[in-house]
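*Asks:* Below: one structure in structure tokens.
The values are calculated or read from the model by the stated rules, or taken from the named source; none is laboratory data. In this text the structure is predicted, and so the values were computed from the model without any measurement. Note that we place each Cβ from the backbone using ideal geometry, even for glycine, and neighbour counts take in every protein chain shown. For accessibility, only protein heavy atoms count, side chains too; no ligands or nucleic acids. Shrake-Rupley method; radii C 1.70, N 1.55, O 1.52, S 1.80 Å.
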Amino acid sequence: FATGAGAGAQVAIKKAHNFSGRPADWNVQTVCEFIESIPNCAPYVEKFRSEQVNGAALLALDKKDLKEFFEMPLGLAVNVCLHLKKYEEKNK
């Protein structure tokens with residue numbers, strides 16, 4: 001049973017979405033986890049991975065890029081930008 005509890009604890013940690021460090025320093029995997037943590041954005045994770053979007057690249061994207069290149073609806077693109085801004089301000 002200990003193994004199951006350990007696995008459950010890891011899942012709980014991941015669901016907390018506590019991304020450490022400055023977004024500019026995130027690697028591709030962290031960016032993918034960040035995108036996946038935003039409601040309704042999980043379907044776009046693979047595109048971020050295949051395009052090798054790291055934190056610095058993510059910061060360079062704007063709503064228009066997310067909408068046009070990643071084909072996100074405007075509402076999701078705005079959410080991504082707002083979430084990113086929140087993490088950026090928290091980790092200055």
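*Asks:* Out of Ser50, Leu84, Cys32, whose Cα points farthest toward the positive end of the dipole of the range 23-91 (charges: +1 Lys, Arg; -1 Asp, Glu; placed on Cβ)?
*Replies:* Leu84
*Asks:* Working out 0.36 nm times the residue gap between Ser50 and Ser20, then minus their Cα-Cα distance, what length gain in nm do you get to one decimal?
*Replies:* Answer, rounded to one decimal: 8.5 nm.
*Asks:* Let me cross-check Ser20: its accessible surface, 1.4 Å probe, with only protein heavy atoms counted, in Å² to the nearest 10?
*Replies:* 90 Å²
*Asks:* Can you give the Rg to Rh ratio for the range 23-91, taking only C-alpha atoms and Rh from Kirkwood?
*Replies:* 0.91
*Asks:* Return the subset of Lys63/Lys85; Lys67/Lys92; Lys64/Lys85; Lys64/Lys92 for which the Cα-Cα distance in this structure is over 23 Å, preserving the input order.
*Replies:* Lys67/Lys92; Lys64/Lys92
*Asks:* A further question follows. Could you please state how large a percent of the accessible area of the range 23-91 is carbon and sulfur, counting protein chains only and using a 1.4 Å probe?
*Replies:* Ligands and nucleic acids excluded, carbon and sulfur give 49 percent.
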